[in-house]
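Before any comments, here is the structure.
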Amino acid sequence: MNIIVCVKQIPDPETPASSFRVDEAAKKVVPAQGIPPVVNPYDPQATEAALRLKEAAGGGKVTVISLGPESARDAIKHALAMGADEGILLNDPGFEGIDNFQTAVALAKAIEKVGQYDLILMGRAAADWDMGVVPMGVATLLGIPCVSIAKAIERVDGKVRVTRVLDDGFQTVEAPLPAVVSVSNEFGEPRYPQLRQIMLAAKKTVQVWNAADLGLSADQLGEANRWLKLEALYVPKVESKVEIIEADSPEEKARILAQKLRADKLI
Amino acid sequence: MDFDLTPEQQAIREQARALAAQFDDAYWRRCDAEHRFPWEFYQAFADAGWLGICIPPEYGGAGLGISEAAILLEEVAASGAAMNGASALHLTVFGLNPVVRHGSEELKRRILPEAAAGRLHVAFGITEPDAGSDTPSITTRAIRDGDHFIIRGKKVWTSKALEASKVLLLARTTPLEECRKRTDGMTLFLADLDPRYVTIRPIEKLGRNAVDSNEVFYDDLPVPVRDVVGEVDKGFYHLLDGLNPERILVAAEALGIGKAALRRATAYARSRHVFGRPIGQNQGIQFPLADSYAKLQAAELMVRKAAWLYDNGRPCGAEANMAKYLASEWAFEAADRALQVHGGFGYAKEFDVERYWREVRVMRIAPVTQEMVLNYLAQHELGLPRSY
Ligand SMILES: Cc1cc2nc3c(=O)[nH]c(=O)nc-3n(C[C@H](O)[C@H](O)[C@H](O)COP(=O)(O)OP(=O)(O)OC[C@H]3O[C@@H](n4cnc5c(N)ncnc54)[C@H](O)[C@@H]3O)c2cc1C
Ligand SMILES: Cc1cc2nc3c(=O)[nH]c(=O)nc-3n(C[C@H](O)[C@H](O)[C@H](O)COP(=O)(O)OP(=O)(O)OC[C@H]3O[C@@H](n4cnc5c(N)ncnc54)[C@H](O)[C@@H]3O)c2cc1C
């Protein structure tokens, strides 16, 4: 079974608030000093799913693709250390600033270039912007089904059976292959890379494909082809006010408190 | 000259860091407060194959060098695990070096794969109440009786003895007065900590409370001759080979704690506002932290150099000693400064820096004291007359 896993490197979600800064003019998050970026936390779960499916199928290949800066190589290396077979980095100055749709275009081109695939796995969302639309975009562009937010994935008779996480329960659906499935944290803990595998992974070379390798023009990656327009980016101000309720008895204080909470529509 | 880590070393750094990050400061605070061995942490590193990092592949390990082990233990310490984490792994990562180097084939096959898999814990019993820096004055005796040695004596500070089933034990097989040299006449055993003959009593100590250190009493413990490591009467020399790499690893662990302390101090200095601005804006806060940063960077270079020399089969006595000296001195200083930067909160357990401070303090004493390092350098590097 040949599986492609898409992984993304993101700023560490554990970055302390004191180190988190936004450049409002440039509408960009300023990389936090001394806090290296990390693999999007859902992506190792997608890799784990791929490895389990490959093991269950008794063979195949797991290819990892990441679009990002040179440092995104680390996200790929992590998947290789977990046991993935090959890695491809999509890296080009033209990728700077592209939107989710253009990301999906680039990933879809790369997936077509890889050619052989039964299944494409991704994390349910990237924890930086938390939009979770790239899996649908890729599936649409490739003309194949997309099943989102999976907690379990199984291959049955040339199809894929996926248990999806809903707000109030689970839903099991089947889709023909190839398909895109986005994997949720409910899937379970990803494996820790084994030292032996880490050493093997370190020796592997990660291929690098640029925009031209994917047949993407500057125009396709330009402003005009962005669907998402970022109007403003800022850290919300949190204000706190204290009001001491004075009254003769605790009952009276409670009554005033309840009235105030209701007036503020909090209860 | 090449200061870059190899891709493998870089990967080891990242993956060790990622795995260690699964266990946060709250976990270590709890283990320390409860005096509880960090089993979950230990098992995670065992399962991922890290414990056998220095054990040869033919005995189930990864066969890597001290450079790689130093990176592993530095990252473990730097994660906030500090000595509680590093010591939990340290003895398996490197304590068995004398067995690797001098043990019989049978002993190696019996012991090393079990240790690499994390199933066998081995403690290290060298120090005695009246013999710490001066190892040759140990009085624990091993007397041959047929195909066994009978061991009697008292050790102190034996770390992890409560978890371990075996101990690498140094005992006198020839009395000091009968030896030509003071360093002759000692033998290294891989003995069972058999409760019928061995009494273990934990020592209450300043820190690193998740890993016990103990007084251990040996009351005529029989040890089969096949559990002698290397040659009878040559135990001290077998240990010597392992001293330099052990110092390098301890230096790396100290370095890791120093980095953890500095990380916490700078984060706090950025976020704590006093007199209307972040305290980190004052030179009185910045300069000590910048000074510690420079010192830790320098110590790191000495650790890398010493490890590189060792892995390339070159003498590294001076460098290993200097690495341990500088790293433990400067890491303690960094931890002390981190505590100071936290003001009153530095003294509170909740902020962890007091734990780093307590734990890194031991590295100026064990496995060798700073003074004994200076004795070594004065004598062997500066050619001054031996003072003791
Ligand atoms: C937490 C902890 C864990 C330990 N774990 C282990 C373990 O697992 N196994 C084990 O065998 N040991 C262990 N040790 C023991 C450790 O190796 C010894 O404490 C260390 O070697 C120092 O010996 P000592 O305590 O007898 O000090 P001493 O040798 O009594 O030294 C006391 C002081 O005198 C100084 N001094 C001594 N001689 C000289 C000299 N000639 N010139 C100048 N100054 C001198 C020393 O530097 C020191 O400051 C551990 C110790 C600690 C604290
Ligand atoms: C065990 C203990 C008992 C205590 N008991 C009491 C008690 O009974 N009653 C009570 O009221 N308080 C008590 N305290 C609180 C103690 O007085 C304060 O911790 C102390 O005054 C420092 O204040 P802080 O902790 O807010 O540190 P901060 O003021 O936050 O200072 C943090 C660090 O920044 C440095 N710093 C701040 N401003 C500057 C500057 N402009 N230039 C250079 N450096 C600067 C400080 O020197 C310090 O190193 C106690 C504290 C402890 C640890």
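For the reader, a short list of remarks on this structure follows.
- Cβ-Cβ under 7 Å pairs, at least 6 apart or on other chains, region B:96-112 side under 16 Å from B:E231 (Cβ atoms), far side of a type in the set (F, W, Y): B:K108/B:Y59
- First in region B:18-35 and within 12 Å of chain A (Cβ to nearest Cβ) and assigned to a helix (DSSP H, G or I), second anywhere and among the hydroxyl-bearing types (S, T, Y) and open to solvent by 70 Å² or more (accessible area, probe 1.4 Å), Cβ under 8 Å, 6 or more apart: B:L19/A:Y192
- Residue within region A:143-151 that is at pLDDT 95 or above, surrounded by 14 or more Cβ atoms within 10 Å (Cβ to Cβ) and not in a strand (DSSP E or B) present: yes
- Here B:D47 meets the list (1) within 9 Å of chain A (Cβ to nearest Cβ); (2) of a type in the set (D, E, K, R); (3) within 21 Å of B:E246 (Cβ to Cβ) almost entirely, failing just condition (3).
- Boolean, B:G52 is within 11 Å of another protein chain (Cβ to nearest Cβ), part of a loop (DSSP other than H, G, I, E, B) and without any contact (Cβ under 8 Å) to a residue 40 or more places away in the chain: no
- Scanning region B:351-388 for residues that are more than 15 Å from ligand 1 (Cβ to nearest atom), without any contact (Cβ under 8 Å) to a residue 60 or more places away in the chain and either β-branched (V, I, T) or assigned to a helix (DSSP H, G or I) (or both) gives a single hit, B:E354.
- Members of region A:112-132 found to be in contact with a Phe, Trp or Tyr (Cβ under 8 Å, 6 or more places away or on another chain) and in a loop (DSSP other than H, G, I, E, B), listed by number: A:R124, A:A125, A:A126, A:A127
- Residue in region B:317-324 that is under 23 Å from the mean Cα position of the chain (by Cα), in a helix (DSSP H, G or I) and within 26 Å of B:E204 (Cβ to Cβ) present: yes
- Tally, over region B:264-280, of residues that are within 12 Å of another protein chain (Cβ to nearest Cβ) and open to solvent by 80 Å² or more (accessible area, probe 1.4 Å): 3
- Taken as a whole, region B:96-105 holds no residue that is among the hydroxyl-bearing types (S, T, Y), touching a Gly at 6+ places or on another chain (Cβ under 9 Å), more than 10 Å from chain A (Cβ to nearest Cβ) and open to solvent by less than 30 Å² (accessible area, probe 1.4 Å).
- Tally of residues being under 16 Å from B:L162 (Cβ atoms) and either within 16 Å of ligand 2 (Cβ to nearest atom) or more than 23 Å from the chain's Cα centre (by Cα) (or both) across region B:198-224: 3
- Filter result for the condition that a residue is more than 14 Å from every other protein chain (Cβ to nearest Cβ), open to solvent by 40 Å² or more (accessible area, probe 1.4 Å), within 20 Å of the chain's Cα centre (by Cα) and within 16 Å of ligand 2 (Cβ to nearest atom), over B:E333, B:E350, B:E329, B:E371: B:E333
- Counted residues, region A:211-246 - those being touching a Leu at 6+ places or on another chain (Cβ under 8 Å) and at pLDDT 95 or above: 2
- The set of residues in region B:156-171 that are open to solvent by less than 50 Å² (accessible area, probe 1.4 Å) and either within 18 Å of the chain's Cα centre (by Cα) or away from ligand 1 (no atom under 15 Å from the Cβ) (or both) comprises B:V156, B:T158, B:S159, B:K160, B:A161, B:E163, B:A164, B:K166, B:V167, B:L168, B:L169, B:L170.
- Within region B:260-312, considering residues that are more than 30 Å from B:D2 (Cα to Cα) and basic (K, R), the one nearest to ligand 2 (Cβ to nearest atom): B:R272
- Any hit, region A:1-19, residues being under 16 Å from the mean Cα position of the chain (by Cα), modelled with pLDDT under 90 and open to solvent by 20 Å² or more (accessible area, probe 1.4 Å): yes
- Test result for B:R13, in a helix (DSSP H, G or I) and open to solvent by 80 Å² or more (accessible area, probe 1.4 Å): no
- Members of region A:198-221 found to be over 15 Å from A:L80 (Cβ atoms) and not polar (S, T, N, Q), listed by number: A:W209, A:A211, A:A212, A:D213, A:L214, A:G215, A:L216, A:A218, A:D219, A:L221
- Residue within region B:230-246 that is at pLDDT 95 or above, within 14 Å of chain A (Cβ to nearest Cβ), at negative phi and open to solvent by 10 Å² or more (accessible area, probe 1.4 Å) present: no
- The requirement of being in a helix (DSSP H, G or I) and of a type outside the set (D, E, K, R) is fulfilled nowhere in region B:205-222; no residue meets it.
- Verdict on B:R304 being under 17 Å from the mean Cα position of the chain (by Cα), open to solvent by 40 Å² or more (accessible area, probe 1.4 Å) and either at negative phi or of a type outside the set (F, W, Y) (or both): yes
- Of all the residues in region A:158-208, those that are aliphatic (A, V, I, L, M), touching a helix residue (DSSP H, G or I) at 6+ places or on another chain (Cβ under 8 Å), more than 10 Å from chain B (Cβ to nearest Cβ) and not in a strand (DSSP E or B) number 1.
- For region A:233-258, filtering for residues that are surrounded by fewer than 11 Cβ atoms within 10 Å (Cβ to Cβ) and outside any loop (DSSP other than H, G, I, E, B) leaves 2.
- Region A:87-126, residues that are within 16 Å of the chain's Cα centre (by Cα) and open to solvent by 40 Å² or more (accessible area, probe 1.4 Å): A:F101, A:R124
- Scoring B:A70 on the criteria (1) open to solvent by 20 Å² or more (accessible area, probe 1.4 Å); (2) more than 11 Å from chain A (Cβ to nearest Cβ); (3) in contact (Cβ under 8 Å) with a residue 12 or more places away in the chain; (4) among the small types (G, A, S) leaves a single failure, condition (1).
The values are calculated or read from the model by the stated rules, or taken from the named source; none is laboratory data. This one's a predicted model, so the numbers in the text were calculated from it and none came from an experiment. Backbone-built Cβ (ideal geometry, glycine too); neighbour counts: all protein chains shown. The protein model used for the area step is the full one, side chains on, heavy atoms only, and it has no ligands, DNA or RNA in it. Shrake-Rupley method; radii C 1.70, N 1.55, O 1.52, S 1.80 Å.
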